[in-house]
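Colleague: One structure coming up, written as structure tokens, with questions to follow.
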Amino acid sequence: MTPELKEAIDKYLSANKVVLFMKGTKMFPQCGFSNTCVQVLNTLSVPYETVNILEDESLRQGMKVYSQWPTFPQLYIDGEFFGGCDITLEAYNSGELKEVLEKAMCS
Ligand SMILES: N[C@@H](CCC(=O)N[C@@H](CS)C(=O)NCC(=O)O)C(=O)O
Ligand code: FES
């Protein structure tokens with residue numbers, strides 16, 4: 001991954017508290033795993049941005065290195081990698097995700 005790409009991701013994540021790197025868009029998720037995360041975030045009524053990694057192959061490969069996580073979706077909260085679909089869903093069910101998001105919204 002180029003230093004320019006890393007810098008662009010760093011900058012984007014410091015400007016946006018909750019970011020979902022996903023396949024497709026909020027309105028039109030193109031994979032069930034990404035769709036699950038969108039539904040979870042919508043249910044929690046949290047403001048969030050999405051990035052469609054299907055539109056940018058270098059970002060698609062770059063995010064795997066940046067996050068040290070091989071798949072999508074990838075959820076970032078407060079600039080930190082939170083997890084993929086399974087982790088996000090589990091944290092939603094346990095109530096942990098709501099807590100982490102509330103903390104992020106107040107920071
Ligand atoms: N168990 C994963 C499911 C996600 C997954 O398997 N994603 C695959 C298929 S959508 C993926 O992103 N593969 C890498 C790629 O398509 O570049 C999770 O918890 O997020
Ligand atoms: S695009 Fe096939 S499982 Fe996600």
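Colleague: Looking only at helices (runs of 4 or more DSSP H) that fall completely inside region 1-104, which ones have 3 or more residues that are among the small types (Gly, Ala, Ser)?
Modeller: 3-15, 57-67
Colleague: Taking MET105 and the conditions (1) touching a Lys or Arg at 6+ places or on another chain (Cβ under 8 Å); (2) at pLDDT 95 or above, which numbered condition does it fall short on, given that it satisfies the others?
Modeller: Every condition holds for MET105 apart from (2).
Colleague: Quick check on region 33-49. Is at least one of its residues more than 13 Å from the chain's Cα centre (by Cα) and crowded, with 17+ Cβ neighbours inside 10 Å?
Modeller: The answer is no; no qualifying residue exists.
Colleague: Mind counting the residues in region 63-88 that are surrounded by fewer than 19 Cβ atoms within 10 Å (Cβ to Cβ) and either within 9 Å of ligand 1 (Cβ to nearest atom) or over 23 Å from SER107 (Cα atoms) (or both)? Full working, then the answer.
Modeller: The initial filter retains those residues of region 63-88 that are surrounded by fewer than 19 Cβ atoms within 10 Å (Cβ to Cβ), namely 64-65, 68-71, 78-81, 86-87.
Applying the additional criterion that residues be either within 9 Å of ligand 1 (Cβ to nearest atom) or over 23 Å from SER107 (Cα atoms) (or both) yields 64-65, 68-71, 86-87.
Of the residues in that region, 8 qualify.
Rundown of residues vs (1) farther than 18 Å from TYR12 by Cβ; (2) touching a Cys at 6+ places or on another chain (Cβ under 8 Å), yes/no style:
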{"residue": "VAL51", "(1), (2)": "no, no"}
{"residue": "GLU57", "(1), (2)": "no, no"}
{"residue": "VAL65", "(1), (2)": "no, no"}
{"residue": "PHE72", "(1), (2)": "no, yes"}
{"residue": "TYR76", "(1), (2)": "no, no"}
{"residue": "GLU80", "(1), (2)": "no, no"}
{"residue": "ASP86", "(1), (2)": "yes, no"}
{"residue": "LYS98", "(1), (2)": "yes, no"}
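Colleague: Only one residue in MET105, MET22 is within 15 Å of ligand 2 (Cβ to nearest atom), among the aliphatic types (A, V, I, L, M) and touching a residue at least 40 places away in the same chain (Cβ under 8 Å), so which one is that?
Modeller: Every option except MET22 fails the conditions.
The values are calculated or read from the model by the stated rules, or taken from the named source; none is laboratory data. Everything numeric here is computed off the predicted structure, so don't read it as measured data. When we count neighbours, we look across all protein chains shown, and the Cβ atoms used for this are built from the backbone with ideal geometry, even at glycine.
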